[in-house]
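First comes the structure, then the notes that go with it.
The values are calculated or read from the model by the stated rules, or taken from the named source; none is laboratory data. Everything numeric here is computed off the predicted structure, so don't read it as measured data. Note: ideal-geometry Cβ built from the backbone for every residue, glycine included; neighbour counts use all protein chains shown.
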Amino acid sequence: MEFSDVESDLTDILFTQDEIHAKIAEMARQIEADYAGEKLLLVGVLRGAVMVMADLARELKLPLEMDWMAVSSYGAGTQSSGVVRILKDLDSDLEGRKVLIVEDIIDSGLTLSWLRANLESRGAESVEICALLRKPDAAKVEVDVKYAGFDIPNAFVVGYGLDYAEKYRNLRGIAVLAPHVYA
Ligand code: 5GP
Ligand code: MG
Ligand code: MG
């Protein structure tokens, strides 16, 4: 789906498909340099990270495996509580593995800091994070994102895997959702 297909639902257009692909290629070159000769396990966080995972994995010139987890934050409201529930767990044994968590966006960072600790506790040799987008609030929690794509303003964005009420995930680019959509 293109921006023009849902034009009235969007305010600012942040990144086109081409800009996203260029950024993912840039991150892939760093990952290749850091994991040369290693057997990498990419862990995608469902469902938002599906597009990033698909493009990053194909861009990487490394042998790798892919696995998936689905998590949800407990708590009322729209803010992460930091208490996370596993909805779908990994199939892989993490003992001795080099794990790279692949995420769409890091906001408060609560979900990712919980997830990293959880994966480390399973005996992974290393657990690093790759996130396509990062919001300013991410700075509030100690979470070291080794590979961060774009820093974005504190607005609700959709597209390229990111949803509002399960819609807009299939938008090719990333844009700010117009307030009238959720008002
Ligand atoms: P946090 O880092 O606050 O624990 O939560 C991150 C999660 O909140 C993301 O994985 C994503 O599902 C959701 N999220 C945060 N900001 C946005 C946004 O601007 N748009 C969308 N669609 N989801 C967001
Ligand atoms: Mg996510
Ligand atoms: Mg969502």
Within the group Ala117, Ala138, Ala124, which residue is of a type outside the set (D, E, K, R) and modelled with pLDDT under 90? Ala138
If you check every pair at least six apart or on different chains, which have Cβ atoms under 7 Å apart with a residue in region 98-122 that is free of Cβ contacts under 8 Å to residues at least 24 places away in the same chain first and a residue that is away from ligand 3 (no atom under 16 Å from the Cβ) second? Glu120/Val127
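Residues are listed down the side, and each one gets a yes or a no for (1) under 28 Å from Ala183 (Cβ atoms); (2) in contact with a strand residue (DSSP E or B) (Cβ under 8 Å, 6 or more places away or on another chain); (3) at pLDDT 95 or above:
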position: Tyr35; (1), (2), (3): no, yes, yes
position: Met51; (1), (2), (3): yes, yes, yes
position: Leu56; (1), (2), (3): no, yes, yes
position: Lys61; (1), (2), (3): no, no, yes
position: Glu103; (1), (2), (3): yes, yes, yes
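If we keep just the residues of region 1-26 that are part of a helix (DSSP H, G or I) and touching a helix residue (DSSP H, G or I) at 6+ places or on another chain (Cβ under 7 Å), which is surrounded by the most Cβ atoms within 10 Å (Cβ to Cβ)?
If we filter region 1-26 for residues that are part of a helix (DSSP H, G or I), which is where we start, we get 3-9, 17-26.
With the extra rule that they be touching a helix residue (DSSP H, G or I) at 6+ places or on another chain (Cβ under 7 Å), the set shrinks to 9, 21, 24-25.
Values: Asp9: 18, His21: 14, Ile24: 22, Ala25: 13.
Looking at the filtered set, the residue picked out is Ile24.
Quick one: count up the residues across region 85-115 that are in a loop (DSSP other than H, G, I, E, B) and within 15 Å of ligand 2 (Cβ to nearest atom). Steps first, answer last, please.
Taking region 85-115 first, the residues in a loop (DSSP other than H, G, I, E, B) are 89-97, 107-109.
Applying the additional criterion that residues be within 15 Å of ligand 2 (Cβ to nearest atom) yields 107-109.
Going through region 85-115 one residue at a time, the tally reaches 3.
Quick test for you: out of Ala155, Ala148, Ala183, pick the one residue that is more than 12 Å from ligand 3 (Cβ to nearest atom) and either buried (at least 16 other Cβ atoms within 10 Å of the Cβ) or within 17 Å of Arg116 (Cβ to Cβ) (or both).
On the way: Ala155 fails: either buried (at least 16 other Cβ atoms within 10 Å of the Cβ) or within 17 Å of Arg116 (Cβ to Cβ) (or both); Ala183 fails: either buried (at least 16 other Cβ atoms within 10 Å of the Cβ) or within 17 Å of Arg116 (Cβ to Cβ) (or both).
After applying the criteria, what remains is Ala148.
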Exception for Thr78 within (1) surrounded by 12 or more Cβ atoms within 10 Å (Cβ to Cβ); (2) at pLDDT below 95; (3) of a type in the set (Val, Ile, Thr) falls at (1)
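Do we find that Leu171 is more than 15 Å from the chain's Cα centre (by Cα), within 30 Å of Gln17 (Cβ to Cβ), within 13 Å of ligand 1 (Cβ to nearest atom) and surrounded by fewer than 21 Cβ atoms within 10 Å (Cβ to Cβ) in this structure? Before you say what the answer is, go through the steps one by one.
On the way: more than 15 Å from the chain's Cα centre (by Cα): yes; within 30 Å of Gln17 (Cβ to Cβ): yes; within 13 Å of ligand 1 (Cβ to nearest atom): yes; surrounded by fewer than 21 Cβ atoms within 10 Å (Cβ to Cβ): no.
No, not satisfied.
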Is region 125-145 home to any residue that is more than 23 Å from Leu90 (Cβ to Cβ), of a type outside the set (Phe, Trp, Tyr) and in contact with a Lys or Arg (Cβ under 9 Å, 6 or more places away or on another chain)? no
